[in-house]
Amino acid sequence: MSVVLEVADLTINTPGGSPLLSHLSFSLRSGQILAITGPNGIGKTTLLQALLLDTHSSHMIWNTPPHERAYLPQLHNQYFHINLTLKDVLSFADSFNFQRIEEESFGLISRTMLERAWNTASGGERQKTLITRLLLKRSKVLILDEPMNHLDKSSQKKVIEALHRFAAQERCAVLMVTHEQHANLLANHKIESIDLEQWASK
Amino acid sequence: MIELIQLYKWSILASTLLSMGLALLGIHLASRDRAMQTICVGQGAMLGVLLGIGVLQYLELHGILEQILPLTTALLTSIATFALSQSYLNRGLASANSHFGSLFAILLALAYLCSTLFPALESHMAQRYFGDVATISDAESMMIGVLGLGSIVCMSFFYKRFAEQSFDQALYGGLSLPDRSLLRLFELTVLLCLSLSVQTVGYLFTLACLFIPTTLSARHLKGGMKLHTIFCVILAPLATLLGFILSLGLSRLPTVPTIITIMVVVGWILVQILKHRRLEGG
């Protein structure tokens, strides 16, 4: 498996300059799902932002170009001005195909869901739609910030299974931030994880 | 009546095209929750227009400068207002709308101050605020017609990508990583349209075409992106056309308020027709 991201001896500070993470090293390979865990405020999202914006380029080597990286941030706002349907949201991806959506979403979305309105869909339906939109982009690296937010246990399992199948089929790397409470779910699906607490600046 | 329409044919065509271009831009500005910022940038453009006209009158300049100077100053002040207001958003200030509100009050005060420094500006100020589509010159008609058409082409060509960017900005705020070149293209189109539109057809017409169609649709229609866009691109030019012609026929009616009244009435009728015929799912 080829390495898509190599992070070596990375130190990250808060915007105010105080140290957050020190000497962090890891690598991400194609076909791998890697979870980053840790308690609130430890710097998980800050780390993702640093990786995405390539702000510490001497300590990280990307072997994929930026346009091959897809990012799912945490939701800042649940509602949208236009009354979009879930189908509208998915059709932002060029490869969206109404007939094949069940296969292409790896079981996350059913055709019957597509006419539902975004603004009245449940949190779980919205999250699965957003994850599917990312899968449809067929990027080489998926970077997901708290993808389990708003999902019940059964949906969390479906998302992990979908990511597994997607990573294996597309030889795509998945880097996701998640909470410690999902440790069992990660272990059950043999997902490697990094606990940021070990790297937190004291 | 036919003679009047013949006389104003270029103004009618240009303002109709501009209204459609503004309505398309308004969909994305509203989606990105940028209405208050847009009102400030429009007021910044207004200040630039007044400064430009004031300088023209003070220095007694004529000819091509009469068109170019107010547009240039409007563009400069709208860019400065945009940069300042964008810094509020980039700094992640809580309650950005309150900051935009105070910025608007300052710009309004500066515009009034400008009109007292150049006394002949008072009538211009009223005209730039409330507008009159019937008084635009042929040269202005050509400029806004081209700009309106350019905006329609740009917004239609990148329709899906602009929509996705608006969606991401609304949902993810500062955490989204937008395609920078597409974002700059959108911002440039908005600044150009606002500056020229405020200078020629006025602030009121500009804001009405930007926000009335998209808010009517968002409030009443549930048919998705396609229906929303179609509603906006039909309503704004139809209301402009009908309102303009009605105000030509009834000379006591001012053009812009008539257009806006027609926009609300026709918008409401269109909403009722669409609801009644259950076309929303289309």
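In region A:168-187, which residue that is outside any strand (DSSP E or B) and surrounded by 18 or more Cβ atoms within 10 Å (Cβ to Cβ) is modelled with the highest pLDDT?
We begin by selecting, within region A:168-187, every residue outside any strand (DSSP E or B); these are A:168-172, A:178-187.
This time we only want the ones that are surrounded by 18 or more Cβ atoms within 10 Å (Cβ to Cβ), so: A:172, A:178, A:182, A:186.
Numbers: A:CYS172: 92, A:THR178: 89, A:HIS182: 79, A:LEU186: 82.
Across region A:168-187, the extreme among qualifying residues is A:CYS172.
Annotation: B:THR229 fulfils all but one of (1) within 14 Å of chain A (Cβ to nearest Cβ); (2) over 20 Å from B:ASP33 (Cα atoms); (3) β-branched (Val, Ile, Thr); the unmet one is (2).
Within region A:109-122, being farther than 21 Å from A:GLN156 by Cβ, in a loop (DSSP other than H, G, I, E, B) and among the charged types (D, E, K, R) holds for one residue alone: A:GLU115.
For every residue, the table says whether it meets (1) loosely packed, with under 13 Cβ neighbours inside 10 Å; (2) out of contact with any Cys (no Cβ under 7 Å at 6 or more places or on another chain); (3) of a type in the set (A, V, I, L, M); (4) closer than 18 Å to B:VAL41 by Cα.
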position	(1), (2), (3), (4)
B:LEU89	no, yes, yes, yes
B:SER98	yes, yes, no, yes
B:PHE104	no, no, no, yes
B:ALA109	yes, yes, yes, yes
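Taken together, the criteria exclude B:GLU60 from residues that are touching a helix residue (DSSP H, G or I) at 6+ places or on another chain (Cβ under 8 Å) and of a type in the set (D, E, K, R). Taken as a whole, region B:44-67 holds no residue that is within 14 Å of chain A (Cβ to nearest Cβ) and under 30 Å from B:ARG161 (Cα atoms).
Residues that are small (Gly, Ala, Ser), on the phi < 0 side of the Ramachandran plot and surrounded by fewer than 24 Cβ atoms within 10 Å (Cβ to Cβ) are absent from region B:13-29 altogether.
Of the helices (runs of 4 or more DSSP H) contained entirely in region B:130-244, those carrying at least 2 residues that are over 30 Å from A:PRO147 (Cβ atoms) fall at B:138-157, B:180-200, B:203-220. Applying the selection to region B:156-167, what residues are away from chain A (no Cβ under 14 Å) and either within 24 Å of A:LEU86 (Cβ to Cβ) or in contact (Cβ under 8 Å) with a residue 60 or more places away in the chain (or both)? Residue satisfying the conditions is B:SER156 alone. Given the structure, is A:GLN127 in contact (Cβ under 8 Å) with a residue 12 or more places away in the chain, within 14 Å of another protein chain (Cβ to nearest Cβ), of a type outside the set (Phe, Trp, Tyr) and over 21 Å from A:HIS67 (Cα atoms)? Yes: the conditions hold for A:GLN127. A count restricted to region B:212-224 and to residues that are surrounded by fewer than 20 Cβ atoms within 10 Å (Cβ to Cβ) and touching a residue at least 60 places away in the same chain (Cβ under 8 Å) stands at 1. Among the residues making up region B:177-218, a single one is polar (S, T, N, Q), within 12 Å of another protein chain (Cβ to nearest Cβ) and touching a Phe, Trp or Tyr at 6+ places or on another chain (Cβ under 8 Å): B:SER217.
Tell me yes or no: at least one residue of region B:104-124 is modelled with pLDDT of 90 or more, closer than 21 Å to B:GLY26 by Cα and in contact with a helix residue (DSSP H, G or I) (Cβ under 7 Å, 6 or more places away or on another chain). Among the residues of region B:104-124, at least one is modelled with pLDDT of 90 or more, closer than 21 Å to B:GLY26 by Cα and in contact with a helix residue (DSSP H, G or I) (Cβ under 7 Å, 6 or more places away or on another chain), which makes the answer yes.
Among the residues of region A:69-82, some residue qualifies, meaning at least one is surrounded by 20 or more Cβ atoms within 10 Å (Cβ to Cβ) and free of Cβ contacts under 8 Å to residues at least 24 places away in the same chain.
Does B:TYR129 satisfy the condition of being closer than 23 Å to B:ILE27 by Cα, in contact (Cβ under 8 Å) with a residue 24 or more places away in the chain and touching a Phe, Trp or Tyr at 6+ places or on another chain (Cβ under 8 Å)?
Answer is yes for this residue.
Is it the case, given these coordinates, that A:VAL159 is in a helix (DSSP H, G or I), β-branched (Val, Ile, Thr) and either in contact with a Cys (Cβ under 9 Å, 6 or more places away or on another chain) or surrounded by 13 or more Cβ atoms within 10 Å (Cβ to Cβ) (or both)? For A:VAL159, the condition - in a helix (DSSP H, G or I), β-branched (Val, Ile, Thr) and either in contact with a Cys (Cβ under 9 Å, 6 or more places away or on another chain) or surrounded by 13 or more Cβ atoms within 10 Å (Cβ to Cβ) (or both) - is met. Screening the candidates B:VAL190, B:VAL271, B:VAL201, B:VAL256 for the property of being surrounded by fewer than 21 Cβ atoms within 10 Å (Cβ to Cβ) and at pLDDT 90 or above yields one hit, B:VAL271. For A:ASN63, are the conditions met, namely being in contact with a Phe, Trp or Tyr (Cβ under 6 Å, 6 or more places away or on another chain), surrounded by 14 or more Cβ atoms within 10 Å (Cβ to Cβ) and either without any contact (Cβ under 8 Å) to a residue 60 or more places away in the chain or not β-branched (Val, Ile, Thr) (or both)? Against the criterion (in contact with a Phe, Trp or Tyr (Cβ under 6 Å, 6 or more places away or on another chain), surrounded by 14 or more Cβ atoms within 10 Å (Cβ to Cβ) and either without any contact (Cβ under 8 Å) to a residue 60 or more places away in the chain or not β-branched (Val, Ile, Thr) (or both)), A:ASN63 does not qualify. Taken as a whole, the structure places A:ARG111 among residues that are more than 14 Å from every other protein chain (Cβ to nearest Cβ), surrounded by 12 or more Cβ atoms within 10 Å (Cβ to Cβ) and either at pLDDT 90 or above or touching a strand residue (DSSP E or B) at 6+ places or on another chain (Cβ under 9 Å) (or both).
The values are calculated or read from the model by the stated rules, or taken from the named source; none is laboratory data. A quick note: this is a predicted structure, and the numbers were derived from the prediction, not measured. Using ideal geometry, Cβ is built from the backbone for each residue, glycine included, and neighbour counts are taken over all protein chains shown.
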